[in-house]
Amino acid sequence: MIKSKYIGIILAVLSISACNSPEDVVPPVNEETLPELTAGDANFSKYIAVGASLTAGYTDLGLFIAGQENSFPNMLASQFKKVGGGDFLQPLVKDDTGGILVSGTPVRGYRLTFNSEIPGPQPLNEFLEGIGKPVPPITTEAGINIGSDFNNFGIPGSKSFHLITPGYAGANPYYARIASAPTATVIDDAVAQQPTFFTLSEVGANDVLGYALSGGDGSDPITDAATFSASLEILINKLTANGAKGAIANVPSITSVSNFTTVTHNPVPLDQSTADLLNSMNGYGAYNAGITQAYAYLVANTPLTQEMADAEIAERTISFSAGPNNALVIIDEDLRDLTALNPALINLRQATTDDLILLTASSEIPKGIGVSTPMGDKFVLTPEEQTEINDATMAYNASIEAIAKTKGLALADLQSVLDEASTNGIAFDNYFLNTDLVFGGLVSLDGIHLTARGYALMANTFLKAIDTTYGSNFEASGNLMKAADFPISYAPTLHEEDLN
């Protein structure tokens, strides 16, 4: 029997030192006299934010009041207000559960929280039940429209073309709450607020993220570059039609966040008897023998050489051993199809360091998925699928950079920020952030969206880009967001008085 203890190994990254430990603190910089803040050529009197989940302040797998209050557009607005910016109204949800209802039924459940005594994040309701606290109800109803006169049009889940699609409110409960009409578009509702300045962020991120989160199984395809480019052009043309200036962000390399890097390719510890059983003819021994036989036939009857066959046999042979680091068995549709020779020879191989195992697999591996039963495509991104994501991201960013240059917009380089954070880590005031799950400080408990401190770093990236393009001096005047002002996690009991 497979040992159940290896769930701890899957989430072993959770045991690393926190980014806030003394050795990770960056020495403070000596203060000096700073110049007065100026807006440069920008007019911040009416600021509108358009985008998806990051714009909305989505974090820990949910949209909740505290997270929305720490959205990066709300942070930007607090700085813009110092140089003539107006009020920034957000379509706040009704509670801090993270959930949302459609006709009384949850379509998004409780946000995630973390208890150091439990191996990994867990839903808020499960945590509260475990400590004997009452669970607050989800009270935000998508069917109740609260009007469209807001400054933040961050719509979680939206892709580039969704923002220009009439009737999108019928498909997205977050937009249904604020759409001006059933046939409205996100971009037209945003432009109706008559912005003098705008940000357009993570446009394109969900166009590849859906594919990545489905393991590239085909259920949520990548938006083609032409569709993205056309959608982007419409968005920017509408936002700038009345002379508004703004800033646009490029698309980060999404597969570098902890949803795709936490679970290793070889998390399985086995004892000798279990390894022997898996290697036997009652396990994968029959599959291995069938592979060898099939390739012998191909060498004898097709142009396939023995050298080529040996390489493919080595790639596809399944082998386990006693020890802590056995690789998962995965389905790889890019392997040579041998089922015409033998229907039992489906496209199996063991994972390598080049594969990315999704965080969702962590709850499946203890059930034997990836060991006694092959792991399905939806849990794995193969190198070929990663290349598709990377190619699309590069194409999107080329379009973003081109239109930013043509329109004279500030370009916030989020890709470089995330690349640095995921490789070497990134300094932010007195802290050092990386993309590790739970303790990295940048990425929230869902492994995709940012923490409040991560959103503060994102806001600063925008402010620095705005300085460069419009001649403002948010950075030089000391008006960037301060890391210490924003948490890396939210308490399970954000409103303790409601839980007593």
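Quick notes on this structure:
- Counting only helices (runs of 4 or more DSSP H) wholly contained in region 53-107, the ones carrying 2 or more residues that are surrounded by fewer than 22 Cβ atoms within 10 Å (Cβ to Cβ) occupy 65-69, 72-80.
- As a summary of the residue check, residue 304 satisfies the conditions (1) part of a helix (DSSP H, G or I); (2) open to solvent by less than 20 Å² (accessible area, probe 1.4 Å); (3) free of Cβ contacts under 8 Å to residues at least 24 places away in the same chain; (4) of a type outside the set (Ser, Thr, Tyr) except for the one numbered (1).
- Just one of the listed residues (263, 257, 299) is free of Cβ contacts under 8 Å to residues at least 60 places away in the same chain and either closer than 26 Å to residue 390 by Cα or open to solvent by 20 Å² or more (accessible area, probe 1.4 Å) (or both), namely 299.
- Only listed residue being out of contact with any strand residue (DSSP E or B) (no Cβ under 6 Å at 6 or more places or on another chain), modelled with pLDDT of 95 or more, part of a loop (DSSP other than H, G, I, E, B) and hydrophobic (A, V, I, L, M, F, W, C), chosen from 230, 179: 179
- For region 238-254, filtered to residues that are among the aliphatic types (A, V, I, L, M) and either in a helix (DSSP H, G or I) or touching a strand residue (DSSP E or B) at 6+ places or on another chain (Cβ under 6 Å) (or both), the residue that is surrounded by the most Cβ atoms within 10 Å (Cβ to Cβ) is 249.
- Of the residues making up region 383-395, one or more are farther than 30 Å from residue 115 by Cα, open to solvent by 20 Å² or more (accessible area, probe 1.4 Å) and hydrophobic (A, V, I, L, M, F, W, C).
- Inter-residue pairs, beta-carbon under 6 Å, first without any contact (Cβ under 8 Å) to a residue 24 or more places away in the chain and in region 322-338, second open to solvent by less than 60 Å² (accessible area, probe 1.4 Å), 6+ apart: 335/347
- Only one of the listed residues (436, 446, 467, 419) is in a loop (DSSP other than H, G, I, E, B), open to solvent by 20 Å² or more (accessible area, probe 1.4 Å) and among the charged types (D, E, K, R). That residue is 436.
- Remark: pairs (first residue in region 342-369, within 13 Å of residue 317 (Cα to Cα); second residue surrounded by 14 or more Cβ atoms within 10 Å (Cβ to Cβ) and among the acidic types (Asp, Glu); Cβ separation under 7 Å; 6+ apart in sequence or on different chains) = 347/332; 347/333; 349/315; 349/332.
- Within region 320-333, being at pLDDT 95 or above, assigned to a loop (DSSP other than H, G, I, E, B) and closer than 21 Å to residue 383 by Cα holds for 327, 328, 332.
- If only residues of region 470-484 that are open to solvent by less than 20 Å² (accessible area, probe 1.4 Å) and of a type in the set (Gly, Ala, Ser) are counted, the one that is farthest from residue 244 (Cα to Cα) is 483.
The values are calculated or read from the model by the stated rules, or taken from the named source; none is laboratory data. Here the structure is a predicted model, which is why all the values come from computation and not from measurement. Neighbour counts are summed over all protein chains in view; Cβ atoms, including those assigned to glycine, are modelled from backbone coordinates with ideal geometry. The area values use the complete protein model at the heavy-atom level, side chains included, leaving out ligands, DNA and RNA. Shrake-Rupley method; radii C 1.70, N 1.55, O 1.52, S 1.80 Å.
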